Amino acid sequence: MIAQLEPTTAESAPVAPIPIRPLSSDTALQAIVERLYGRTDDIAHDMVARYRQEIPEYAALDHDLLLGDVFAVSATNVRMLLGNLAQPRPLSIYEVTKISIAALRRARQGVPLEAMLHAYRLWARVLWSAVATNVDPGARAEVEAALTIGARILEHADHVATAVTGAYRDESAGVSQTRGLLARDTLECLILGGGDSLQVRGELAMRRVTVFDGNVVVILRAFAAATAGVAAVPEPLSASVVRRHVDILQTELSSDVGDLIVGVRDQEIVVVYPMRDPNGLSRLKDQCTRLAEALSDDVVAVGLGEWHADASEIPQSYVEARQATDVAIAGNVRGRYVAFSDVMINDLLHADQASALVIAAVLTPVEKYDAANNSSLMSTLGAYFEAGFNLTGAAATLFVRPNTVMYRLKRVGELTGRNPFDPNDLLLLVLAWKLRSVGARDRAMAA
């Protein structure tokens, strides 16, 4: 339950954020929050006492575990909820997702799902009781603020129950025990923002898993099963399906840097693919093409994130791959992969400034190379575009041979990981070049 949570720091993905409702009086809300903050430890002690009193499985837990981990996590999550109320913002996806990590740990300690759900309800009841006893009944604004807090507690508990049920489902289906897979809790720390911590790296080392600097995340995600008149709902991945898909991906995907890191969460299989530099993207894309074709009969979306140089950026590549699978599923793309570059282009067409900046950054390695080597790769790229992608025309503009243009364009591909002779990569390079040209023009006009 919420009482099983670990302190959370990352932010991510699969559970929808919980909206904060407008408050009638920020002052009244803040007054209640400050009173509750001062009683957080007492509230957490009351929660632990209720768990022990009403739930036999919690009463059977080790005394030190109850007064240590269960108490500390209960208190931490009271503070987390209060903090979100005092400074209105949705609960981060990562905060909600971390619940499944604790739930999986409790499941392995022998706490059944029914007991966990019972504990969630008790956590909410005890916190609501504390709210009710710390409200001035004569102050209408405080009463209204208390009702808002109560609704927020119920929303939070509902999302928590959903996340925990998913973790228990994976455990009971045997997915978490499938050989060769990274444990779900470790995987989530890696892809949700904790992969660079000493604790996570130590755990990975104990399991003989090496995390390299330079990675791309690939996601295999099941399409939702739809029936007439019923909304599509993703089917849970069974252990047999996971084993089949893992066998296929291990056949089709291989890195020349090191072993793949593979894990399962909810309806997706996550692959962390080590890659020294973006020049390896071409090889990975060829592999993903074969992978998507091999999985076409299983109705699986294949999403490909961007290459990132540091292991701490694995969460970013995960988010990118996740967005790519969103596009694949929304567009019913089967039998081929969708790369995050496709998502960026789509976003750019919808005037997304953040995506425009990312696309423009594709050519940053080329600009740096030109500056360091007094070369002219950027101008060659521009000439090639303006000549209608004609080597002879670009060569005439630059007063060089067509072979020289060919060599320079290949060098651009090596630096960016984007092949100027591949239609999809070419489109991204064109957009990046145009965005940079517009940016340079705007800077010149401002000067």
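The values are calculated or read from the model by the stated rules, or taken from the named source; none is laboratory data. Everything quoted here is computed from the prediction, not taken from an experiment. Quick reminder, even Gly has a Cβ in these numbers, built from the backbone with ideal geometry, and neighbours come from all protein chains shown.
Residue by residue, here is whether (1) touching a residue at least 40 places away in the same chain (Cβ under 8 Å); (2) within 29 Å of the chain's Cα centre (by Cα); (3) within 16 Å of HIS159 (Cα to Cα) holds:
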position: ALA107; (1), (2), (3): yes, yes, no
position: LEU113; (1), (2), (3): yes, yes, yes
position: LEU122; (1), (2), (3): yes, no, yes
position: LEU127; (1), (2), (3): yes, no, no
position: ALA139; (1), (2), (3): yes, no, no
position: GLU142; (1), (2), (3): yes, no, no
position: LEU147; (1), (2), (3): no, no, no
The helices (runs of 4 or more DSSP H) lying entirely within region 362-442 that contain at least 1 residues which are modelled with pLDDT of 90 or more, over 29 Å from the mean Cα position of the chain (by Cα) and farther than 29 Å from MET275 by Cα are 377-386, 391-398, 402-416
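For region 327-336, does any single residue satisfy the condition of being modelled with pLDDT of 90 or more, of a type outside the set (D, E, K, R), in contact with a strand residue (DSSP E or B) (Cβ under 8 Å, 6 or more places away or on another chain) and crowded, with 22+ Cβ neighbours inside 10 Å? Please lay out each step first, then the result.
Initially, region 327-336 is screened for residues modelled with pLDDT of 90 or more, giving none.
No, because not a single residue in region 327-336 is modelled with pLDDT of 90 or more, of a type outside the set (D, E, K, R), in contact with a strand residue (DSSP E or B) (Cβ under 8 Å, 6 or more places away or on another chain) and crowded, with 22+ Cβ neighbours inside 10 Å.
Would it be correct to say that LEU304 is at pLDDT 90 or above, among the aliphatic types (A, V, I, L, M) and under 22 Å from LEU415 (Cβ atoms)?
Values: at pLDDT 90 or above: yes; among the aliphatic types (A, V, I, L, M): yes; under 22 Å from LEU415 (Cβ atoms): yes.
Yes.
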Filter region 247-265 down to the residues that are under 20 Å from the mean Cα position of the chain (by Cα) and surrounded by fewer than 21 Cβ atoms within 10 Å (Cβ to Cβ) and list them by number.
LEU260
Within region 291-333, work out how many residues are more than 18 Å from the chain's Cα centre (by Cα), in contact (Cβ under 8 Å) with a residue 12 or more places away in the chain, more than 15 Å from GLN267 (Cα to Cα) and in a helix (DSSP H, G or I).
5
Condition met for VAL111 (under 24 Å from THR40 (Cα atoms) and β-branched (Val, Ile, Thr))
no
If I filter region 48-100 down to residues being at pLDDT 80 or above and charged (D, E, K, R), which single residue comes out as nearest to the chain's Cα centre (by Cα)?
ARG79
Pick from region 43-84 the residues that are aromatic (Phe, Trp, Tyr) and crowded, with 20+ Cβ neighbours inside 10 Å: which of them is nearest to ALA102 (Cα to Cα)?
TYR58
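Conditions (1) under 28 Å from GLU142 (Cα atoms); (2) among the small types (Gly, Ala, Ser), marked per residue:
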position: ASP26; (1), (2): yes, no
position: ALA31; (1), (2): yes, yes
position: ARG35; (1), (2): yes, no
position: GLY38; (1), (2): yes, yes
position: HIS45; (1), (2): yes, no
position: GLU54; (1), (2): no, no
position: LEU66; (1), (2): no, no
position: PHE71; (1), (2): no, no
position: SER74; (1), (2): yes, yes
